[in-house]
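One structure is given below, encoded as structure tokens.
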């Protein structure tokens with residue numbers, strides 16, 4: 001709203017521009033001055049903050065065509081000796097006269113305010129300029145960076161967790177199959193908008209603890225499956241653990257070597273893209289202690305086992 005203060009304030013002088021400065025020049029000068037005197041650049045400096053408010057008020061008036069025209073007329077009348085009382089005593093006040101002159105109760109105006117500690121930043125101010133000095137529409141609130149650590153099973157199955165975000169609790173649904181280091185965007189749970197726009201988001205980074213048995217391989221789970229020499233050689237049906245469930249029985253074919261992968265369908269990670277498998281990597285366990293009877297049996301087996309050299313191919317490939 002226009003006020004009698006305009007008679008005593010030379011906004012052109014405050015910005016250091018001529019009275020015929022165009023919108024582009026006003027914008028350029030204001031941006032430079034605002035960078036210099038913004039409270040973020042001068043913490044605790046009351047004079048700089050006062051100067052910043054003065055600059056902002058001058059720009060808000062001169063960058064608006066209607067307000068600038070109103071201001072120029074008021075200043076012109078003031079220069080000619082016209083002065084007005086604040087009203088009372090039966091006389092017309094300043095707002096009465098100019099309210100009728102420009103339409104409405106005292107004309108239209110714009111007020112700029114700076115909120116200490118979490119107020120408008122450089123990005124807030126300079127993001128306002130969308131052309132012709134006009135402010136943009138409502139701006140989105142600030143995003144919040146957050147992190148959480150999950151146990152392995154929770155990351156695989158998914159869960160709703162409660163986060164503490166700037167002295168408030170926020171419930172976040174963790175999708176099934178989230179991986180270590182993955183970032184999740186929680187829309188609308190960040191800081192509120194400073195001017196009626198949408199709230200910001202929470203950008204959540206997830207860390208996943210290692211499991212003592214299982215590992216992730218995309219949508220699959222991996223587990224190392226120990227088998228005895230006789231189970232691997234003769235074949236067997238063995239139990240394999242599953243994540244969060246009962247063990248399943250898996251057939252080990254005769255002659256299965258160490259390192260072979262046996263697959264259990266549908267017991268991996270379940271996500272929106274599908275469900276993976278449980279991959280069991282066979283590891284043949286060699287006994288470290290043998291009874292005399294077992295040793296004698298193995299000695300007898302060695303006499304009759306195939307005389308193939310299992311390293312023959314390795315040596316041939318090494319020779320090129």
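Any read-out appearing in this document is the output of simple, stated calculations on the displayed coordinates, not a laboratory observation. Since this is a predicted model, take the numbers as computed values, not measurements. Note that we place each Cβ from the backbone using ideal geometry, even for glycine, and neighbour counts take in every protein chain shown.
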What is the spin-label model distance, in nm, from residue 31 to residue 13 if the labels are put 7 Å beyond Cα along the C-beta direction?
2.8 nm
Tell me the label-point distance for the pair residue 185, residue 304, using the 7 Å Cα-to-Cβ offset, in nm and rounded to one decimal.
6.9 nm
Point-to-point label distance, residue 240-residue 258, nm (Cα→Cβ direction, 7 Å offset):
2.0 nm
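If I stretch the segment between residue 295 and residue 167 completely, what's the gain in nm (0.36 nm per residue apart, minus their alpha carbon distance), one decimal?
Between residue 295 and residue 167, full extension yields an extra 39.2 nm.
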Evaluate E = 1/(1 + (r/R0)^6) for residue 48 and residue 147, where r is the Cβ-Cβ distance and R0 equals 45 Å; express this FRET efficiency to the nearest 0.05.
0.80
So for 261, 202, 184, fewest C-beta neighbours within 10 Å to most, what's the order?
261, 184, 202
Along principal axes, largest first, the alpha-carbon spread of region 144-208 in whole Å comes out as 42, 19, 15
If neighbour count is taken as other Cβ atoms inside 10 Å, put 224, 27 in order from fewest to most.
224, 27
How high is the FRET efficiency between residue 21 and residue 76 when r is their beta carbon distance and R₀ equals 25 Å, given to the nearest 0.05?
0.90
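Please give the FRET efficiency for residue 41 paired with residue 69, using the beta carbon to beta carbon distance and R0 = 41 Å, rounded to the nearest 0.05.
0.80
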